[in-house]
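No lab work stands behind these numbers, since they all come straight from the coordinates. Keep in mind that what you see is a predicted model, and the values were worked out from it rather than measured. Here the Cβ positions follow ideal geometry from the backbone for every residue, glycine too, while neighbour counts run over all protein chains shown.
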Amino acid sequence: MSELFNGLIGGSAAGLMVIVVLGLSALGFYMARSRAMASGGGDRRNLHSLPNYYGWNAAMLTAVPALGVLVIWLLAQPMMIDSAVFKTIPDSAIAEGSSRGLVMSDVRRLADGLDVIVERGVMDAESAATLDANTTDLRATLAAEGVALGSAVEQPVLDAAQMYRTQSSTGRFWMTVLVSAIALLAFVVSLRLATADFRARNVVEKGILALLILSASIAILTTVGIVLSMLFESINFFRLHSWTDFFFGSTWAPNFRGDSDLSILPLLWGTLYISIIALLVAVPIGLFSAIYLSEYAGPKVRSAAKPLLEILAGIPTIVYGLFALLTVGPALVNIFGRGEQGLLGVEWMSGATSVLTAGLVMGIMLIPFVSSLSDDIINAVPQAMRDGSLGLGATHSETIRQVVIPAALPGIVGAILLAASRAIGETMIVVLGAGAIAKISANPLEAMTTITTRIVSQLTGDTNFASPETLVAFALGLTLFVLTLGLNVIALYIVRKYREQYD
Amino acid sequence: MTDMTSDTPHVHGTLLQADARTRKRNAAETRFKFYGILAIAVGLLMLVILLFNIVSRGTGAFTQTFVTLDVALVEDKLDKSGNRNIEEMKKVSTFGYAPLLKAAMTDMVEKTGMEGQISAADMAGILSKGAPAQLRDYVLANPDKVGQQVSFNFLASSRVDGYMKGRVSRESIANDKSISAEQLDFVDKLIEQGILKKKFNLSFITGADASDARPEAAGMGVAMLGSFFMMLVVLVLALPIGVAASIYLEEFAPKNWITDIIEVNISNLAAVPSIVFGILGLAVFINYMHLPTSAPLVGGLVLTLMTLPTIIISTRASLKAVPPSIRDAALGVGASKMQSVFHHVLPLAAPGILTGTIIGLAQALGETAPLLLIGMVGFIASNPPDGIASGLLAPNSAMPAQIYEWAKRADPAFYERAWGGIIILLVFLLAMNTIAVILRRRFERRW
Amino acid sequence: MKDLMAERTVDTQKLKISARNVQVYYGDTHAIKDVNVDIEDKTVTAFIGPSGCGKSTFLRCINRMNDTIDVCRVQGDIMIDGEDIYDKRVDPVQLRAKVGMVFQKPNPFPKSIYDNVAYGPRIHGLAKNKADLDDIVERALRRGAIWNEVKDRLDAPGTGLSGGQQQRLCIARAVATEPEVLLMDEPCSALDPIATAQVEELIDELRQNYSVVIVTHSMQQAARVSQKTAFFHLGNLVEYGETGTIFTNPTDPRTESYITGRIG
């Protein structure tokens, strides 16, 4: 169950395996190296490759396949045991209003708890394996060790947990056997290979290339991981909750006793409204800054103003969140709220959190994003284009407005789309500055909530992966991912086409 | 072409005087230029406002109000048996220590000759709620001091601290149950006597977070360690993987659709919202692999995946900047392609790679949203981790998550700490970026 | 070549541009040294010389295009119709309407053919109404000798034309603002021989209305299109005179070396 966890702190099967395999691999390095040297009569000129390559070959051959199998085993075992145990839970063990998934998470927690009390010596392994739910108050025993269970333990659950434990330990045993066998076999083979004629360098380089390819494919794996993890849980969500309500409903009202209204539309509205305000702030300021910096400013102004503006991009979003909540929000309340005491003498705004608060601050954050992207793009417009216009007697600003900007337009649109995708996915500013009320309203002084805010609130604190109220976060995440991915793909495509045009 | 002689040439007036149209156009030019200056000015103004805000509201967190008190560690109360047995002494809870504080306050008032018009309990009430615990920890660590008079520096309560910093006034506490106007009068007298003072507060930088009731005791230290261990994970994983991936893509990858997909993928991953990586971490690392929640290891893994695209993109740029002639030279003397890359190209690209990595790390250091999903919120660890294993696996927070936690607590005393935390965070970011800039200036060559 | 030049009648026109003691500096580099030249109206004047000799730099002084380069300083007087164009009161924008320019590489704007040509008249307010503008565009395109090729696709982007067509479009764009002087900076260097011939023919026709100054690195081209030739070398104006004379009987040994191919 928690092999990887235990493995990392050492002492368990996986951790021990890693140390053993690495030790064997180091041993292989020195033995293969000296064996190769010996077979070359002690003169390295008789060898096909440099002596170290023989060592590396042995080390690599010993460690990589064994560790690879270990990692795959650790990833696959929980899934296989889960599905095996999942099937054995009888329908009778599933209480009213509960689900198989909920019971399964109880099983896992119980199995973990039993492992913990055995490890701490509260109970010996023998008696832990033969517990009877009716005679022992397991919940109390476990609670004393800091393992909290949701309800009293029932016999079927206990049986499932015991099965879980036996299968886990069987799995661990076979894993140890298999990994040791592979490592030993590879160790012996690699030593036998270490002779003068062996093309060690070529083999090692092929191995390194394979590792390089593996590293490059982690990017793909990450994307696949993102999509799969969210897709699976989203499918679970749509089993529990109607998709029509999610996509077309009008209310967001999660209720942890069930029967919630979980519609994305009010959240999407809040997200888009805030993003639009942010872009209304960032695009004019960012674009005009970029125009000034690339077209008018001398090298001195440019080298001072550009990095200063880019500081805004390097400031963490949590800082902007705090700025929104504690500075901009109250300032806006002073202007639009407070009735007679306020600056405008109006009572339009009640709290510091609002669409305008979050939008303004997010706009500030996006200024350098828009300006540096646009700056690059404007600089890519060939000077010949400007000369052509200036040579006809156009003023500098006419040249910019009528020639440079139209020429740069596709790139600028791409930059704005990238900024929009940033705005839609931004979390901390809206968590602190936008508020938590899901509604569709046109008033920018009201608090509204966004997709990212709801993901945070549904997934922090106690999460129960069997309830639609938790799972909805994955459906929201997937929607957000698809939305931003779409924007990014379009934007990056436009920008790339634009650059190719002037290359 | 035949009709071109027929038209009359346009007559241009003198150049020495701008005509009306030119004057209008020049005015438009000036306006346009002004918009540009205005835009930059607005952007810079925002930066100034932001930084001014942070500094003016955050520096307060680095000083704290302390009360210096001589406390008589009465043996009757702390060690009834008198044999200094630690186990027995531990039975006296913090409640048992509270009377000593009241007594110390009364003593002090008598000694200095102040007129004590408020009760001893009210006098002790200006101290932090953590004061008895501080006393108890001291006694348990130095049992031989029992029976003696020892001088202590106690934290004042957050209201008193706020009074010292101008956050709290007699008007603002009208409905406040934690402090009264009489207590503030008492505080004024203590200030006169030099017993109550604002001092530099090291424990804000080194200490752990504290509960809602004791904002005066909360510190960033443990969260800082959490961030440190996360950055360690990111550095150990993201740097080698990122460099390996870049070498493959830049030097070895064939130009085919698989490479194209990987490249498009990387540039898209760089633009995926950070919270999505948090969801990935929750679903894969915690829910599926059962790694411990709130552990810096998991935070580090999530941030690694998030930082990888940044590192790959900058590493590829620095590899690209090494001219092909270097590769040709190595290949020309019979090195293999792999040797030419590892012996020649990589060392030359190293400064650029390092710069990109530091900037990636800085970005990861300030990231908050994914940490919230994997449970790295505030007030989790009350003690610093005691080793690398517990540093990686024991539940902890991180600097930005700690700031978020304080911002959520809706108490001006915690707001001050949130701004103070931001100063610490920004100092780290500034240092990292400065190092990156220096590295770039000193080592990066232009080919 | 001799026959070609013998045919050419050289009648003296009135003075259009006169430059006196012109010095140009790029930062610390002295790019143009003490150039004096008189350029006549309704004449094609060619600037020739090896690359880097300053001929393009001097050309760009005539409509103050060098103003757009920060490090560039110009001293001395350049008079057009007796007015010093570097006078403080002169607005380069107005000057450039009077002195048009065609560049080395065809640089049509990313707009339609029509909008490319209409750009100048629009910014200078030359057209009273749409019909007037249509008229100006058509006239300019006819003068640019490209009307017949593009009249059916005026809405197509200018960037979609072939290189030679693009350059003639740029010439049409320049003449649409009704300049009095047309500066051409190696207008044929990016073109193939057929397109070059078309543009050269066009230049000869433009002479009837404009004072044309052309920079070229091709001596043959200078001989074909120009009536006057100026030879620049290392920032100095070495020799200036009738094209025929320069090519057949140069007075300066440097000119002779260049023309006979001993320096390049």
- At B:Leu45 and B:Val150, where each label point lies 7 Å from the Cα along Cα→Cβ, what is the point-to-point distance in nanometres? 5.7 nm
- Note on the structure: In the stretch B:63-201, taking the dipole from +1 charges on Lys and Arg beta carbons and -1 charges on Asp and Glu beta carbons about the Cα centre, the listed residue (B:Val74, B:Pro143, B:Thr106) farthest towards the positive end is B:Pro143
- Task: Take the alpha-carbon centre of the stretch A:162-201, take the same for the stretch B:191-219, and report the distance between them in whole Å.
- Result: 56 Å
- Cross-link reach from B:Lys197 to aspartates and glutamates, straight Cα distance under 18 Å and at least 8 residues apart if same chain, gives B:Asp70, B:Asp161, B:Asp185, B:Asp188, B:Glu216
- Item | Share antiparallel - DSSP beta bridges, the stretch C:2-259, percent rounded to 5 | 60 percent
- Task: Can you figure out the FRET efficiency of C:Ala197 with A:Ser217, using R₀ = 45 Å and their beta-carbon distance, to the nearest 0.05?
- Result: 0.20
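Could you tell me the relative contact order of the stretch C:35-135? Use alpha-carbon pairs under 8 Å, at least six residues apart, and round to a whole percent.
16 percent
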- Taking only the alpha-carbon atoms of the stretch A:268-450, the convex hull volume per residue, in cubic angstrom, is 129 Å³
- Query: Taking B:Lys77 as the anchor, which aspartates and glutamates have their alpha carbon closer than 19 Å to its alpha carbon, excluding any fewer than eight residues away along the same chain?
  - Reply: B:Glu87, B:Glu88, B:Asp107, B:Asp137, B:Asp144
- Item | chain A: C-alpha gyration tensor shape, a/c 1.5 cut-off, then a/b vs b/c | oblate
- Which whole-number percent is the relative contact order of chain B (Cα, under 8 Å, 6+ apart)? 18 percent
- Taking Lys and Arg as +1 and Asp and Glu as -1, residues besides A:Leu50 with C-beta under 9 Å from its C-beta add up to +2
- Message: So if I take the centroid of the Cα atoms in the stretch A:262-329 and the same for the stretch A:448-503, what is the distance between those two points in Å?
- Response: 20 Å
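Taking each residue in C:90-103, count the Cβ atoms of any other chain within 10 Å of its Cβ, then average. What number comes out?
Taking the mean over all residues of the peptide, I get 6.
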- Starting with the fewest neighbours, write out A:Val188, C:Val212 ranked by other beta-carbon atoms found within 10 Å of each beta-carbon. A:Val188, C:Val212
- Query: In deg cm²/dmol, rounded to 500, what helix-only [θ] at 222 nm does the protein assembly as shown give when every DSSP H run of at least 4 residues adds -39500 (n - 2.57) and the total is split over its residues?
  - Reply: -19000 deg cm²/dmol
- Note on the structure: If A:Met362, A:Met79 are placed from fewest to most neighbouring beta carbons inside 10 Å, the sequence is A:Met79, A:Met362
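Which of the pairs B:Lys177/B:Lys198; C:Lys16/C:Lys151; A:Lys300/C:Lys98; C:Lys33/C:Lys111; B:Lys24/C:Lys98; B:Lys33/C:Lys16 have their Cα atoms more than 30 Å apart in this structure?
Over 30 Å Cα-Cα: C:Lys16/C:Lys151; A:Lys300/C:Lys98; C:Lys33/C:Lys111; B:Lys33/C:Lys16.
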- Classify the stretch B:244-380 as rounded, prolate or oblate, taking a ≥ b ≥ c as the square roots of the eigenvalues of its Cα gyration tensor: rounded when a/c is under 1.5, otherwise prolate if a/b is larger than b/c and oblate if not. prolate
- Task: Treat every Asp and Glu Cβ in the stretch C:2-259 as -1 and every Lys and Arg Cβ as +1, leave all other atoms uncharged, and give the resulting dipole magnitude about the Cα centre to the nearest 20 debye.
- Result: 420 debye
- Item | the protein assembly as shown shape via C-alpha gyration tensor axes, a/c threshold 1.5 | prolate
- Task: Sort C:Met65, A:Met385, A:Met428 so that the residue with the fewest other Cβ atoms within 10 Å of its own Cβ comes first and the one with the most comes last.
- Result: A:Met385, C:Met65, A:Met428
- For labels at C:Ser257 and C:Arg20 in the simple 7 Å Cα→Cβ model, what's the distance in nm? 3.2 nm
- Note on the stretch C:2-259: contact order normalised by length, alpha-carbon pairs under 8 Å, 6 or more apart, percent, works out to 28 percent
- Reduced to Cα centres, the span from the stretch A:210-249 to the stretch B:240-312 in Å works out to 14 Å
- Counting Lys and Arg as +1 and Asp and Glu as -1, what is the net charge of the other residues whose Cβ lies under 15 Å from the Cβ of B:Gln148? -3
- Task: Assign unit charges at the C-beta atoms only (+1 for Lys and Arg, -1 for Asp and Glu), then state the dipole size of the stretch A:268-450 relative to its Cα centre in Debye, rounded to the nearest 20.
- Result: 140 debye
